[in-house]
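Read-outs throughout are calculated quantities, based only on the coordinates presented, and are distinct from any laboratory measurement. Just so it is clear, the structure is predicted and the values come from calculations on it, not from any experiment. For neighbour counting, all protein chains shown are included, and Cβ atoms are generated from backbone atoms with ideal geometry for every residue, glycine included.
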Amino acid sequence: MIRVLVADDQPLLRSGFSLILNSDPDIEVAGQAADGVQALAAARVLRPDLVLMDIRMPEMDGIEATRHLTTSPQTAGVRVLVLTTFDTDEYVYHALRAGASGFLLKDVAPVDLIAAVKTVARGEALLSPHLTRRLIEHYVGRDPGTPQNERPASPTLPGLTQRELDVLAAVARGLSNMEISAEMYVSYSTVKTHVSHLLTKLGARDRAQLVMLAYRSGLIRP
C-alpha cells in the first residue's frame, strides 16, 4: 500500500486528487494539507511514502516545503511528486533541485496520475514527456545564468566503474531498466543492481537526482 499526503491550497483539488488516488487498491490517501507548513507537519506525523505537492501555496510554497522534506531526518524516505498548473521550466528545475522525484501538470488524466504516484513510489524519476527535453537543454546541464562554457569538460564522478557510468548515461537519457537491459545486453536484475550502486555511491535519493548529476557532471550533454 502506497500512503500519500495531498498538499494543495484549493480544497476542491485536494478532494478530487484524493478521490482519484483512493480509487486504486494500491494507494491510500493518509492525509491532506492546505499549504507547505501544514504539509511538513502532517508528513512528520503521518510519515507517508509520497507527498503530492502543489507549488504555489500560501505560508510556504511547495518548493521550499519539498526542500525541508527531503533534507530532514524526520521525513527521510518521503518522496515528492510535484503537481502544478504552471508549465514553467524554472519551476521544474527548482523543484528537482529541492529534491522532488517527479513533476506533472494538473491537467494529467486520472489514470496517469495514479501511474505517476506508483512510478515515483518505486524510486523512479518522472517528468511530463514534453517537459523533459526543455528541462535538460536549458537547466539541468547548468544552473540558470551560468555561461555554457563554464560547464565541466569531462565527467567528475569519481569512484564509478565504466559500466556504472554507461548505466548512468542511459538513465540520464530517460531509459527504463528494461530498456537499458535490452540496449546493453545484460539482465534486468543486473541493471537494477547497477542503479542501486549508483544511488548509494552518489548519495542520490532516486533516478531524478541521478539524471541531474549525470548532466551537471558533464557525463552526458543535451
Cut-off under 5 Å, modelled amide H: who pairs with residue 79 long-range: 50, 51
On a full-extension model of 0.36 nm per residue, what is the gain between residue 118 and residue 44, subtracting their alpha-carbon distance, rounded to one decimal in nm? 24.5 nm
When only C-alpha pairs under 8 Å and at least 6 residues apart count, what is the relative contact order of region 2-138, in percent? 21 percent
Find the centroid of the Cα atoms in region 1-66 and in region 158-183, then give the distance between the two in whole Å. 32 Å
Enumerate the lysines that residue 118 could reach by cross-link, defined here as Cα to Cα under 19 Å, with residues fewer than 8 away along the same chain left out. 106, 192
Using a basic spin-label model with each label point 7 Å from the Cα along Cα→Cβ, how many nm lie between residue 188 and residue 109? 2.4 nm
Across region 45-62, in residue order, what do the Karplus-derived ³J(HN,Hα) couplings come to in whole Hz, using 6.51 cos²θ - 1.76 cosθ + 1.60 with θ = phi - 60° and x for Gly and Pro? 7, 7, 6, x, 6, 8, 10, 8, 10, 6, 8, 8, 9, x, 6, 8, 6, x
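To the nearest 0.05, what FRET efficiency results for residue 178 and residue 1 with a Förster distance of 22 Å applied to their C-beta separation?
0.35
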Looking at the square roots a ≥ b ≥ c of the eigenvalues of the Cα gyration tensor of region 2-138, which shape do they give, rounded for a/c under 1.5, prolate if a/b is larger than b/c, or oblate? rounded
Taking 0.36 nm per residue of sequence separation and subtracting the Cα-Cα distance, how much length would be gained by fully extending the chain between residue 15 and residue 76, in nm to one decimal? 19.3 nm
